[in-house]
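Chemist: The structure's right below; bear with me while I get my questions together.
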Amino acid sequence: MACVNPDGTVTPSAIAILTALRSADTAELIAPLADLPLFRVRSALRELVAAGLVAVDDGHHHLTDAGLARL
Amino acid sequence: MIETEAGPVGLPRLNEPAPQFEAVTTHGTLKLSDFEGRWLILFSHPADFTPVCTTEFLAFTEIFPDLQKRGTDLLGLSIDSVFSHIAWVRNIEEKTGIKIPFPVIADLNKDVAGKYGMLMPGESKTETSRCVFFIDPKGILRAMIYYPLSLGRNMQEILRVIDALQTATANGVATPANWVPGDKVIVPAPNTQEGAEERMKAGYECTDWYLCKKDL
């Protein structure tokens, strides 16, 4: 996992994405804010959704309470 | 696709959708669709911790900024574990001071290698050949180059192919032999007699009706 470590902690790139999610809701908008390539953000968002830290509705992402708690 | 001892062997086809994959990489699990909207160069190398491959990784890293300027991502692959990849790229950084900036697929089950025809059993049943696939922002395979295990790739040719593909796509033209950016491009040949007659009056630099060039 590139975003969530085996011990449950999140990686610095995941923190950057979670932080960017406060002001952006698509991979295209998050990538420049997090200073990460678009492919990394798309992959990371899948992981963060699977981990319950991010939710997605109709292509728009937002932080869950669990995701907010990691910031 | 043919099943062999070395796994499935087949070649993808130009101008058709590149085979989809989901693979473990040094940058996490990636799908081909994660690269949509940008050009992608997918390349394979025979094995980690080998001499020619190390020179190639350094050379790919050298052109990485040039590829980024061209809206192009880079993705490596070999039949090694992700731990081997991590150890190798860390070793390269430790020995040369150069950090490998692109992800590398750990294709231990040969899934991606099989889909893209990277295994040449006549050359090796366990190592991928030096293949390069140029995939456009819509996921269409636009060019591919195969090199044998013994031959390190020419990075200027890889940049030239991306430049030529992007130029041809943007302008509806073709590029002549040895073309480099700034050279004249070829106007597609007319396919009617009327078109051929018109072509000679169109103001292009024409050798004959079927070979006309223009500046961009």
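Every read-out reported here was derived from the displayed coordinates using simple, explicitly stated rules and does not represent laboratory data. Owing to the predicted nature of the structure, the values given are computational and were not obtained by experimental measurement. Here Cβ is always computed from backbone atoms with ideal geometry, including for glycine, and neighbour counts include all displayed protein chains.
Chemist: Would segment B:124-166 count as rounded, prolate or oblate if I go by the C-alpha gyration tensor, calling it rounded below 1.5 in a/c and otherwise prolate when a/b exceeds b/c, oblate otherwise?
Modeler: Oblate shape, in that a/c is at least 1.5 and b/c is the bigger or equal ratio.
Chemist: Something else: Over all residues in A:42-54, what is the mean tally of Cβ atoms on other chains that come within 10 Å of each residue's Cβ?
Modeler: Mean inter-chain Cβ contacts per residue within 10 Å come to 2.
Chemist: With N residues in segment B:172-214, what two-decimal value do you get for its Cα radius of gyration over 2.2 N^0.38 Å?
Modeler: That ratio works out to 1.15.
Chemist: Also, I was wondering about something else. Under a Cβ-only charge scheme (Lys and Arg +1, Asp and Glu -1), can you give me the dipole magnitude of segment B:105-182 about the Cα centre, in debye to the nearest 20?
Modeler: Dipole about the Cα centre, nearest 20: 80 debye.
Chemist: Report, in whole Å, the centroid distance computed from the Cα atoms of segment B:78-136 and segment B:44-59.
Modeler: So the two Cα centres are separated by 8 Å.
Chemist: Work out the mean other chain Cβ neighbour count within 10 Å for the residues of A:28-40 and drop it here as an integer.
Modeler: Whole-number average of other-chain Cβ neighbours for A:28-40 is 3.
Chemist: Pull up all non-local amide H partners of residue B:27: gap of 5 or more, or a different chain, and H-to-H distance under 5 Å with H placed in the peptide plane.
Modeler: Correct list: B:104.
Chemist: Something else about it: Which number gives the lysine pairs in chain B that have C-alpha atoms under 14 Å apart and are eight or more places apart or on different chains?
Modeler: Number of lysine pairs found: 7.
Chemist: Taking the Cα centre as origin and putting +1 on Lys and Arg beta-carbons and -1 on Asp and Glu beta-carbons, what dipole magnitude results for segment A:12-69, to the nearest 20 debye?
Modeler: About 180 debye.
Chemist: Shifting gears a bit: So what's the projected area for segment B:121-216, the Cα convex hull averaged over all directions, in nm²?
Modeler: Details: hull surface 35.1 nm².
Computing the convex hull of the Cα atoms and averaging its projections yields 8.8 nm².
Chemist: On alpha-carbon atoms, Rg over Rh for chain B using Kirkwood Rh?
Modeler: On the Cα set of chain B, Rg over Rh gives 1.05.
Chemist: Also, I was wondering about something else. Which whole number in µm²/s is D for the protein assembly as shown by Stokes-Einstein, with the Kirkwood Rh taken over Cα pairs at 20 °C and 1.002 mPa s?
Modeler: Translational D for this selection: 102 µm²/s.
Chemist: Quick one: compute a quarter of the convex hull surface over the Cα atoms of chain A and quote it in nm².
Modeler: Details: hull surface 16.1 nm².
Here the figure is 4.0 nm², rounded to one decimal.
Chemist: Okay, next question. So how do B:94-100, B:127-133 stack up, highest first, on mean other-Cβ count within 10 Å?
Modeler: Highest to lowest by the protection proxy: B:127-133, B:94-100.
Chemist: Check the cysteines of the protein assembly as shown one by one and keep only those with no other cysteine Cβ under 4.7 Å from their own.
Modeler: So far as the 4.7 Å Cβ criterion goes, A:3, B:53, B:131 stand without a partner in the protein assembly as shown.
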